[in-house]
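Notes follow the structure.
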Amino acid sequence: MSNLLQELEQLYQDASAALDGCQTLEETEAWHAAYLGRKGAVTAIVRGVGQLPREERPAFGKRANEIKVTLEAALRGRQERVALAEMEQALSAEGIDVTLPGRPQQIGKLHPTTVALREIVDIFTQMGFEVFDAREVETDELNFELLNFPPGHPAREMQDSFYTDTEDVILRTHTSPGQIHAMRKYAPEPIRVILPGKCYRNEDVTARSEMMFYQVEGLVVGRNVTFSDLKGVLLNYANQMYGEGRKIRFRKSYFPFTEPSVEVDVDCILCGGEGCRVCKYTGWLEILGAGMVHPVVLRNGGYDPAEFSGFAFGMGIERQAMNKYSIDDIRYFYENDARFLERVG
Ligand code: DAH
């Protein structure tokens with residue numbers, strides 16, 4: 001073997017070993033310049049072919065060409081591996097593991113009061129009720145007098161009011177004054193409305209009562225509206241809100257604006273009436289107050305009680321949610337604790 005060919009074979013060995021040692025793309029580029037580039041060692045030897053005797057040149061040329069092609073292919077392979085390794089290293093240095101499943105996003109939810117309100121509105125609109133909006137700031141006249149609370153009547157004390165700077169203007173203590181607004185708007189046409197909204201009472205905040213809360217009032221007035229209609233509507237409501245097969249019970253009660261007046265309970269949805277912690281071992285959960293619209297109230301609304309009758313009901317929206325989701329403290333609704341907001345609805 002000629003010296004030149006031996007040199008070439010040795011260079012091939014060295015170049016291969018040097019390529020295996022390249023750890024970065026930069027190093028592979030330097031390697032290319034050192035061996036295969038215009039001034040590279042392999043190129044230089046190949047140029048020396050002229051020193052060889054004529055008959056040795058073809059074999060040398062053939063071998064030199066093989067070595068160049070092999071080294072070029074080895075360079076490309078090396079560069080791919082190095083690029084991959086560099087990428088993997090960059091990824092792990094950034095702490096990104098692309099094989100991990102994505103982290104779920106926290107998605108907002110409707111407030112439990114909104115969930116309950118929408119359910120209530122859906123149930124009653126299916127029964128043909130329309131939503132009627134009434135104001136939150138009321139006069140003493142609408143909040144009490146026209147609803148048949150005479151001045152000084154002790155029932156006013158059940159609903160301690162927030163007063164404003166303007167005399168006789170208060171924050172409504174219940175949605176019932178909306179009954180008067182609705183009747184005065186529609187009389188003498190028959191009406192079937194629900195009135196959802198915020199109410200305010202100047203009360204101590206406890207597990208059972210907040211200063212601000214939501215109610216939905218219902219009002220039906222027509223020529224032949226009876227107590228059976230009231231029962232049918234409320235039984236249907238209870239079955240849709242609390243589940244098929246629910247029972248309701250009426251207890252006699254007193255409200256100045258209805259006669260007779262009742263409080264309505266549904267059988268406990270947790271124990272089905274057996275008695276448990278949620279229903280305080282009574283088997284029943286209170287859902288609302290109701291009754292036949294008092295003749296004085298009908299007249300104040302513009303209806304002649306000799307011709308018209310009506311029923312009304314009023315429910316706390318938080319109370320419905322508390323019954324349905326076994327929540328034992330109304331204060332949760334106003335604390336904005338995400339654990340509570342996530343649990344319900
Ligand atoms: N307004 C009453 C309250 O806040 C609830 C109520 C009871 C409304 C009987 C009614 C009704 O319409 O008929 O305690």
query: Given a cut-off of 18 Å, what percent of all Cα-Cα pairs of the range 3-94 lie beyond it?
result: 49
field: Residue of V98, V233, V69 that the Gaussian network model of the chain assigns the largest fluctuation, springs spanning Cα pairs under 10 Å
entry: V69
query: Which of the cysteines found in the chain have nothing to pair with, since no other Cys Cβ lies under 4.7 Å from theirs?
result: C22, C199
Contour excess over end-to-end distance, with Cα ends at L5 and K231 and 0.36 nm allotted per residue: 70.4 nm
statement: Averaging 1/r across every pair of distinct alpha carbons in the range 135-258 and inverting yields a Kirkwood hydrodynamic radius, in angstrom, of 16.2
task: Would you mind calculating the relative contact order of the chain from Cα pairs under 8 angstrom and at least 6 residues apart, reporting the percent as a whole number?
output: 15
field: Cα centroid of the range 173-248 to Cα centroid of the range 254-305, whole Å
entry: 10
- prompt: Based solely on its DSSP helices, what 222 nm [θ] is calculated for the chain when runs of n ≥ 4 H residues each add -39,500 (n - 2.57) and the sum is averaged over all residues, nearest 500 deg cm²/dmol?
  reply: -13000 deg cm²/dmol
statement: Sorted by accessible surface (1.4 Å probe, heavy atoms of the protein chains only), largest first, M212, M241 come out as M212, M241
field: Principal axis dimensions, largest first and in whole angstrom, of the range 118-160 by Cα
entry: 40, 17, 16
statement: When all Cα-Cα pair distances of the range 112-344 are considered, the percent exceeding 27 Å is 33
task: Go through 318-327, 223-232 and give me the packing order, highest mean Cβ count within 10 Å leading.
output: 318-327, 223-232
task: Pop a pseudo-label 7 angstrom from the Cα along the beta-carbon direction at both Y281 and N65 and give the gap in nm to one decimal.
output: 10.4
1.4 Å probe accessible area per residue over the range 3-94, in Å²: 65
DSSP-loop trypsin sites (Lys or Arg not before Pro) across the range 19-52, with at most 14 other Cβ within 10 angstrom: R38, K39
query: Dipole of the range 112-344, Cα-centred, from +1 at each Lys and Arg C-beta and -1 at each Asp and Glu C-beta, to the nearest 20 debye?
result: 780
- prompt: Rounded to the nearest 20 Debye, what is the dipole magnitude of the range 104-200 about its Cα centre when Lys and Arg each give +1 and Asp and Glu each give -1 at the C-beta?
  reply: 480
query: With each label point set 7 Å from Cα along the Cα-Cβ vector, what nm distance links L91 and F162?
result: 5.7
statement: XL table K109/K252; K109/K231; K109/K198; K198/K252; Cα-Cα > 31 Å flagged, in table order, is K109/K252; K109/K231
task: May I ask you to order 157-165, 280-288 by the average number of other C-beta atoms within 10 Å around their residues, highest value first?
output: 280-288, 157-165
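The values are calculated or read from the model by the stated rules, or taken from the named source; none is laboratory data. On a predicted model such as this, the values are computed, not experimentally measured, just so you know. A quick note on method: Cβ atoms are made from the backbone with ideal geometry, for glycine too, and the neighbour counts reach across all protein chains shown. Heavy atoms of the whole protein, side chains included, go into the accessibility calculation; ligands, DNA and RNA do not. Shrake-Rupley method; radii C 1.70, N 1.55, O 1.52, S 1.80 Å.
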